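For reference, the structure discussed in these notes is given below.
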Amino acid sequence: MSRSEESHDSRIAMRWGVFSAVSIMMALLVSCGAEERSDVATDGSESATEAAEPETQAAALGLDRSALRERAKAIFGTLPAEAANPNNAITPAKVELGRVLYYEPRLSKNHDVSCNTCHLLDRHGVDGKPTSTGHREQVGGRNAPTVYNAALHIAQFWDGRAADVEEQAKGPVLNPIEMAMPSEAAAVAVLESIPGYAPLFEAAFPGAEKPISYDNMANAIGAFERKLLTPSPFDAFLSGDDDALSDEQLAGLDRFISVGCIACHQGPAIGGGLYQKLGVIKPYPTEDPGRKEITGDEADLRVFKVPSLRNIAKTGPYLHDGSIQDLDQMVRVMAEYQLGIPIEDSQVKAIIAFLGSLTGEVDQELIAMPELPPSGPNTPAPDPS
């Protein structure tokens, strides 16, 4: 949770432009759907189709898989194989170094916190806590989001204060609540004191005058994280597999689109592409100022980066403060505060079924815990102070 700031003025302007464009699109989609589909109740009551069991909803709605697929592809696009950065080429040597550094606790003051402490790769990139625990058991102020697919986002952290995963990787190391290293120089000195890191950095950054540097540490971790994408059954459906989603999940996808969730959750990450106020329709009870703390702009009060919904069924608790444990409750909160619509139990159930189809596959070889190079005679001892 580093407080390093970047203006992102263009992103702030784009936020509202993207939201407006998507809102217009949604208005058209929803109005067309209301005219053409008899299952939409105008009085907020549950129609006969809504009352149907989720397993039969797709058939009851008369959903055309091919038409729904094309509609979804236009909204979500295609998940890439990796999240490329033209300023940080992804190479096998860089990814391997980044994997080692991701698990490296000696980058923390007391040698007991690593990236993987809060973003566990074997737990879909989260620690399952409302807010994470760092140096001296201090507790952070915001929920640690999943690292999987994060490199696709418009920015990093809930308030978007880091432009990309490379910049984000620099923050926790120096944050006094998290890894608590006193300076960049101190972190570099630790890496230089461990003999096994010299060849790894030289292979990852060939020709560099000083391969071991704070920037290169962050670039290696960033390259590794840019490989952490998780293709899911939903992606198989988008690619043409009619059997990838159940009828219940298809009905949920249709509902996800038609009730307006895609106003914020679109693109390959199913979110992460824009900022939005928490409580668009109805004020949401939170004391967190959101992006206003970074920009100083009153318009950014309680504005946060929209989270990705990939692996959402596995990455609770939810919201910036981790205050909501249950995905059912989370869907209802979004309907109430972001969309301002009544939502029926069957709709919630179907949407949750669709969200389950976003649980993706993890490359087990990529995330396997590496053997860390042993400390050298000059490696600083753990410091619990």
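The values are calculated or read from the model by the stated rules, or taken from the named source; none is laboratory data. What you see is a predicted model; the values in this text were computed from it and never measured. Cβ coordinates were reconstructed from backbone atoms using ideal geometry, including for glycine residues, and neighbour counts include every protein chain displayed.
A few notes on this one:
- Given (1) assigned to a loop (DSSP other than H, G, I, E, B); (2) assigned by TED's automatic domain parsing to the domain that holds Gly260; (3) at pLDDT 95 or above, number of the condition Pro342 does not satisfy: (3)
- Qualifying residue in the range 98-107 (condition: touching a Cys at 6+ places or on another chain (Cβ under 6 Å) and either in a helix (DSSP H, G or I) or at positive phi (or both)): yes
- Taken as a whole, the condition of being part of a loop (DSSP other than H, G, I, E, B) and surrounded by 20 or more Cβ atoms within 10 Å (Cβ to Cβ) applies to Leu309.
- Pairs where the first residue, in the range 65-79, is in the same structural domain as Leu250 (by TED's automatic domain parsing) and in contact (Cβ under 8 Å) with a residue 24 or more places away in the chain and the second is among the β-branched types (Val, Ile, Thr) and surrounded by 11 or more Cβ atoms within 10 Å (Cβ to Cβ), C-beta under 8 Å, 6+ apart: Arg71/Ile257; Ala72/Ile257; Ile75/Ile257; Ile75/Ile262; Phe76/Ile270
- Every residue from the range 314-331 that is assigned to a helix (DSSP H, G or I), surrounded by 17 or more Cβ atoms within 10 Å (Cβ to Cβ) and of a type outside the set (Val, Ile, Thr): Lys314, Leu327, Met330
- Where Ile341 falls short, out of the listed (1) within 15 Å of Arg255 (Cα to Cα); (2) in contact (Cβ under 8 Å) with a residue 24 or more places away in the chain; (3) buried (at least 19 other Cβ atoms within 10 Å of the Cβ); (4) over 20 Å from the mean Cα position of the chain (by Cα): (3)
- Looking only at the range 262-294, and only at residues there that are part of a helix (DSSP H, G or I) and touching a strand residue (DSSP E or B) at 6+ places or on another chain (Cβ under 9 Å), the one that is farthest from Gly322 (Cα to Cα): Ala263
- Contact annotation: residue pairs with Cβ atoms under 6 Å, 6 or more positions apart or on different chains, pairing a residue in the range 259-285 that is more than 20 Å from Leu301 (Cα to Cα) with a partner that is outside any loop (DSSP other than H, G, I, E, B) and at pLDDT below 95, are Gly260/Met26.
- Comparison of Asp300, Asp254 shows that the only residue that is more than 27 Å from Val165 (Cβ to Cβ), among the charged types (D, E, K, R), at pLDDT 95 or above and crowded, with 19+ Cβ neighbours inside 10 Å is Asp254.
- One residue alone among Leu191, Leu229 is among the hydrophobic types (A, V, I, L, M, F, W, C) and either surrounded by fewer than 22 Cβ atoms within 10 Å (Cβ to Cβ) or part of a loop (DSSP other than H, G, I, E, B) (or both), and that residue is Leu229.
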